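One structure below.
The values are calculated or read from the model by the stated rules, or taken from the named source; none is laboratory data. No experiment lies behind these values; they were computed from the predicted model shown. Cβ placement follows ideal geometry from the backbone for every residue including glycine, while neighbour counts extend to all protein chains displayed.
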Amino acid sequence: MDHSKHIRLREDELTEAVLTGAPIYGPGDETVGSIAHTHGSGADAKVVIDVGGFLGIGSKPVMVPARELDLMRAEDGTVHGLTRWTTEDLKALPRHEH
């Protein structure tokens, strides 16, 4: 996927309503997880990413600062994020307990 034409999200768009369900792509443009929910909004937002598993089953929730992701909107309006972390990197993070 060519992300160069995608528009980066503004701080005021870093909300639960906008980010929930957004896929997260790793360094090889592979899907590494999706955003399950957020804590806070704006510059201080943290996101919980469900990593691994299939359709949410067997996935591991991990929490990262939203600022550590490159969150953007594609031409069709869908939101997604890019990260430098691989699936293995994310799985090595502590499990987020709700």
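Taking into account only those residues within region 1-14 that are surrounded by fewer than 16 Cβ atoms within 10 Å (Cβ to Cβ) and within 18 Å of ARG67 (Cβ to Cβ), which is nearest to the chain's Cα centre (by Cα)? In this case the residue turns out to be ARG8. Look at region 7-36: where a residue is at pLDDT below 95 and a partner is surrounded by fewer than 12 Cβ atoms within 10 Å (Cβ to Cβ) and hydrophobic (A, V, I, L, M, F, W, C), sitting 6+ places away or on another chain with Cβ atoms under 7 Å, you get GLU11/ALA43; ASP29/MET1. Only residues that are within 15 Å of ALA74 (Cα to Cα) and of a type in the set (D, E, K, R) were counted across region 14-41, and they come to 1. Restricting to region 52-84, and then to whatever is over 16 Å from ARG10 (Cβ atoms), modelled with pLDDT of 95 or more and of a type in the set (A, V, I, L, M), can you tell me which residue is surrounded by the most Cβ atoms within 10 Å (Cβ to Cβ)? Taking the candidates together, the pick is VAL62.
Against the test of being of a type in the set (Gly, Ala, Ser) and in contact with a Gly (Cβ under 7 Å, 6 or more places away or on another chain), the options SER59, SER41, SER4 yield a single qualifying residue, SER59.
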